[in-house]
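Working notes, structure below.
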Amino acid sequence: QLVQSGGGLVQAGDSLTLSCAASGQSFSTYAMGWFRQAPGKERSFIGGLDWSGRSAYYTDSVKGRFIISRDNAKKEVYLKIDSRKPDDTAVYCCAAEEWPHGSGSDTRQYGYWGQGTQVTVSS
């Protein structure tokens with residue numbers, strides 16, 4: 001089970017960190033991914049992180065502004081968004097897959113999903 005926290009109404013330009021807490025013994029062996037769905041658009045892949053936290057990968061549109069990290073001892077994964085823009089307004093969702101190195105953007109590979117959290121960026 002993945003439970004998300006963070007988000008809400010935020011100002012453009014500031015940083016924001018979303019959290020995703022996992023239950024269960026296998027978290028440290030799972031790769032994690034973050035996705036978002038903007039109003040009127042399909043869900044899109046933001047980026048992912050392998051089981052160790054040493055290998056992160058991002059879609060081109062967010063490189064340099066989004067950072068994914070994890071703390072396996074706490075069973076948590078984080079998404080930090082720097083320099084927020086109104087275009088970042090979306091529902092953000094974390095996901096876990098059993099393949100430890102991460103499959104990337106294919107949602108079918110992720111067996112566990114967070115409940116989603118709304119982030120609204122005002123200009």
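The values are calculated or read from the model by the stated rules, or taken from the named source; none is laboratory data. Note that the structure is a prediction, hence the values are computed from the model and not measured. For neighbour counting, all protein chains shown are included, and Cβ atoms are generated from backbone atoms with ideal geometry for every residue, glycine included. Ligands, DNA and RNA are stripped out before the accessible areas are found, and what is left, the full protein with its side chains, is counted by its heavy atoms. Shrake-Rupley method; radii C 1.70, N 1.55, O 1.52, S 1.80 Å.
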| Close pairs from segment 8-20: first part of a loop (DSSP other than H, G, I, E, B), partner of a type in the set (A, V, I, L, M) and open to solvent by less than 20 Å² (accessible area, probe 1.4 Å), Cβ under 8 Å, at least 6 apart | Ala12/Val121; Ser15/Ile81
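Those residues that are among the aliphatic types (A, V, I, L, M), surrounded by 13 or more Cβ atoms within 10 Å (Cβ to Cβ) and over 17 Å from Arg65 (Cα atoms), I need them from segment 1-37; list them, please.
Leu2, Val3, Ala21, Ala22, Ala31, Met32
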| query | When you scan segment 56-97, how many residues do you find that are free of Cβ contacts under 8 Å to residues at least 60 places away in the same chain and either farther than 22 Å from Tyr30 by Cα or open to solvent by less than 20 Å² (accessible area, probe 1.4 Å) (or both)? | reply | 14
| field | Qualifying residue in segment 36-51 (condition: of a type in the set (A, V, I, L, M, F, W, C) and assigned to a loop (DSSP other than H, G, I, E, B)) | value | yes
| task | Tell me which of these Trp51 doesn't satisfy, since it passes every other one: (1) open to solvent by 30 Å² or more (accessible area, probe 1.4 Å); (2) under 21 Å from Asp88 (Cβ atoms). | result | (2)
| note | Going through segment 73-104 in order, the residues found to be at pLDDT 90 or above, part of a loop (DSSP other than H, G, I, E, B) and more than 16 Å from Leu18 (Cα to Cα) are Ala73
| field | Test for Ala22: is it in contact with a Leu (Cβ under 6 Å, 6 or more places away or on another chain) and not acidic (Asp, Glu) | value | yes
| Among the residues listed as Thr29, Thr59, Thr17, the single one being of a type outside the set (A, V, I, L, M), within 16 Å of Gln118 (Cα to Cα) and in contact with a Phe, Trp or Tyr (Cβ under 6 Å, 6 or more places away or on another chain) | Thr17
| field | Inter-residue pairs, beta-carbon under 9 Å, first under 18 Å from Asp60 (Cα atoms) and open to solvent by 50 Å² or more (accessible area, probe 1.4 Å) and in segment 98-109, second modelled with pLDDT of 90 or more and of a type in the set (Asp, Glu), 6+ apart | value | Ser103/Glu97
| query | Hey, does segment 90-113 have a residue that's within 19 Å of Gly8 (Cβ to Cβ) and acidic (Asp, Glu)? | reply | no
